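Take a look at the structure below.
The numbers here are math on the coordinates, done by the rules we state, and not lab data. Since the model is a prediction, treat every value here as computed from it, not as a measurement. Every residue, glycine as well, gets a Cβ built from its backbone with ideal geometry; the counts of neighbours run over all protein chains shown.
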Number of protein chains: 2
Amino acid sequence: MKLLVVGSVAFDAIETPFGKTDKILGGAATYIGLAASIMDVQSGIVSVVGGDFPQEYLDMMTSRKINIDGIEIVKDGKTFFWSGKYHNDLNSRDTLITEINVLGDFDPQIPTSMEDAEVLMLGNLHPGVQLSVLDKMKNKPKLVILDTMNFWMDSALDILKEMIAKTDVITINDEEARQLSGEYSLVKAAKAIHKMGPAYVIIKKGEHGALLFHDDRIFAIPAMPLEDVFDPTGAGDTFAGGFASYLVKQGKFDFETMKSALIVGSALASFTVEKFGIERLSEVSEADLKKRIEEFKTLTTFQVEV
Amino acid sequence: MKLLVVGSVAFDAIETPFGKTDKILGGAATYIGLAASIMDVQSGIVSVVGGDFPQEYLDMMTSRKINIDGIEIVKDGKTFFWSGKYHNDLNSRDTLITEINVLGDFDPQIPTSMEDAEVLMLGNLHPGVQLSVLDKMKNKPKLVILDTMNFWMDSALDILKEMIAKTDVITINDEEARQLSGEYSLVKAAKAIHKMGPAYVIIKKGEHGALLFHDDRIFAIPAMPLEDVFDPTGAGDTFAGGFASYLVKQGKFDFETMKSALIVGSALASFTVEKFGIERLSEVSEADLKKRIEEFKTLTTFQVEV
């Protein structure tokens, strides 16, 4: 099986209480592709960058067996740029700069080599762009995973709902789930979102873990408690990438496999936050991931008889 | 083994987005005693009430085999009264009224029948009162569990630290752990609190679950996701009561037993929030508890191989 990833490939400039970066490699598709690469899953990215995008970043992706045929390079355009500053608790941030640049006119093209991908991971983008990718695929993918955010709920709710109706798995954070559903209780919010289309609803709670909902079944995990969280940028994308890659690798999309995929995504995301940007994730091996999953089991496994 | 409980027995008047109550039975020791009773653990309460405290409440405790020899009745005094209003998200509340009343001069006396209790659960009270109970026990208890709150950190930090130094297990919420330790990271906060005395540090995160720390070991659980949280009052005390009662029942205080105790406390607390005050908890049977623990296992158990 193959994983088709649609999402931003971008520059980020990040400031946290622990330091700041210049423009570094970022973007949802970058994190998702790296996650797939660590798990030895065949992936391809559909995105767009400007003429200012360094060839070395593209080479890095190719060297990691990420198919970049679908990354369009607009020679006279500039790459999407986001700059943000995290507050002291790292749970909230201010966006300092958003330069849409070439992403503003993004007309995604799926390379022939990826037209038959079984799993489609739609990273956070305008829902109209996400929809157009789905429409352009030769074979309907077996599984559509959607990541989105409150920005699109505020600015493009109708088309977002159209996209959600065609989605199998949605990943969304707790506040966004509440906004989308109008329900405060996350159990009720997930039920409302089920009715919009997705059979699986994943609610991401950052440092508080994640919830997976399917019909009346719920699976809940805490996050890895970390001594230091250095930079949360990309954690949600890494989570989605690890989640999607595990499903591709298993070739199954049932509830039990989704549960395991949630663990894998969470374990991978716990690396991302340890350094700036992709720095930590890009040095993680499959063996490192296995070790962290074992730590996760130790963290959460219990016996109890009453 | 026996569980000696020291804490408030009180009147609460509660307002939530779902309704409001008149003065109803409340207080930390009440919830803890009820938890022990559900688990068929022999407990005794040390507390004080006024002449206005209904005999039927005392009879209810006795009928549930809670030893009330240590509840002093000050005939011409009034029972401690707290009134609060929860905000829409139920995660925060305003205290409307606090009438300390007879609790202000509380000089706890341990009845002979409870002097040899092996486990001492110190519910949230002035740390000076908590200390005096420990000093008055004939035999040093095998395990001292302490619950406290930010109010005492603000108003009686030195004596609180003295109490913490004599504590084996401390239960505290995430914000309080941060305040007490001066560390934002909960892993670092727990390490700092370990150094103050307790070998076991439990950080309660409400709807986000709980963490147990012991040396370099960590155990993490989510909370039961509930369709409706009706009234959070007493959830933390129920958690502490279920936790302490499980340890008494097992007669062991090692890390693995503490992990199980955390599950039991969390399962019991998930009942408390379903109705006002003790209403739901007081109708829970041991069979109900077993069923919820099974649901908790289903919620959290996974298999994963990478």
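Here the contact order of region A:41-128, divided by its residue count and restricted to Cα pairs under 8 Å and six or more residues apart, works out to 29 percent. I'd like the Kirkwood hydrodynamic radius of region A:1-100, using the inverse of the mean 1/r over distinct C-alpha pairs, in Å. That comes to 14.3 Å for region A:1-100. DSSP assigns beta bridges within the protein assembly as shown; of those with both partners inside it, close to 40 percent run antiparallel. Placing +1 on the Cβ of every Lys and Arg and -1 on the Cβ of every Asp and Glu, with no other charges, gives chain B a dipole of roughly 700 debye about its Cα centre. Find which of B:Val201, B:Asn173, B:Phe253 sits farthest along the positive direction of the dipole of region B:152-253, computed with +1 on the beta-carbon of Lys and Arg, -1 on that of Asp and Glu, about the Cα centre. After comparing all options, I get B:Phe253. Pairs of Cα atoms in region B:84-193 fall into 5 Å distance bins, from 0 up to the last occupied one, in shares of 2, 10, 18, 21, 17, 15, 10, 5, 1, 0 percent. Relative to its Kirkwood radius, the Cα radius of gyration of region A:45-127 gives an Rg/Rh of 1.03. Note on the protein assembly as shown: dipole from Cβ charges, positive end direction compared against B:Ile164, A:Leu103, B:Pro17; the farthest Cα belongs to B:Ile164. Residues whose amide H falls under 5 Å from that of B:Val48, counting only those 5 or more places apart or on a different chain, are B:Val9, B:Glu72, with hydrogens built in the peptide plane. Shielding of peptide A:248-261 by partners, expressed as the average count of other chain Cβ atoms within 10 Å per residue Cβ, is 1. Per-residue mean of foreign Cβ neighbours for B:212-222 is 4 (Cβ atoms of other chains, 10 Å radius). Label-point distances for B:Gly104 to the equivalent site in the other copies, using a point 7 angstrom along Cα→C-beta, read 6.8 nm when ranked shortest first.
Each Cα pair under 8 Å and six or more residues apart adds its sequence gap; the mean of these over the residue count of chain A is a relative contact order of 17 percent. Considering only DSSP beta bridges with both partners in chain B, what is the antiparallel share in %, to the nearest 5? Percent antiparallel among DSSP bridges in chain B is about 40. Cross-link pairs exceeding 32 Å in C-alpha to C-alpha distance, out of B:Lys136/B:Lys191; B:Lys85/B:Lys249; A:Lys204/B:Lys166; A:Lys65/A:Lys166, comprise B:Lys85/B:Lys249; A:Lys204/B:Lys166. Between beta-carbons, use under 11 Å as the cut-off and find the net charge around B:Arg93, counting Lys and Arg +1, Asp and Glu -1. Residues near B:Arg93 contribute -3 overall.
From least to most packed, judged by other beta carbons within 10 angstrom and beginning with the fewest, A:Lys138, A:Lys2, B:Lys290 follow the order A:Lys138, B:Lys290, A:Lys2. Pairwise Cα distances in region A:137-284 exceed 25 Å for 28 percent of all pairs. DSSP assigns beta bridges within region A:4-145; of those with both partners inside it, close to 35 percent run antiparallel. If the cut-off is a Cα-Cα distance under 15 Å, which aspartates and glutamates reach B:Lys78, setting aside same-chain residues fewer than 8 apart in sequence? By straight Cα distance, B:Lys78 reaches B:Asp12, B:Asp52, B:Glu99, B:Asp105. Computed packing ranks the peptides B:6-14, B:111-119 as B:6-14, B:111-119, most packed first, by mean other Cβ atoms within 10 Å. Residue by residue along A:295-302, Cβ atoms of other protein chains within 10 Å of the local Cβ number 5 on average. Towards the positive end of the charge dipole of region A:3-299, with charges on Cβ (+1 Lys, Arg; -1 Asp, Glu), say which of A:Leu143, A:Leu226, A:Met153 has the farthest Cα. Comparing the listed Cα positions along the dipole, A:Leu143 ranks first.
Taken about its Cα centre, region A:181-252 carries a charge dipole of roughly 480 debye when the Cβ of each Lys and Arg holds +1 and the Cβ of each Asp and Glu holds -1. Note on region B:3-300: Rg/Rh from Cα positions, Kirkwood definition for Rh, rounded to two decimals, is 0.93. P(r) tail for the protein assembly as shown, what percent of Cα pairs lie past 48 Å? Value for the protein assembly as shown: 21 percent of Cα pairs lie more than 48 Å apart. Put a plus charge on the Cβ of each Lys and Arg, a minus charge on the Cβ of each Asp and Glu, and nothing anywhere else: the dipole of the protein assembly as shown about its Cα centre is then about 980 debye. The ranking of B:Val304, A:Val229 by Cβ neighbour count inside 10 Å, starting from the fewest, reads B:Val304, A:Val229.
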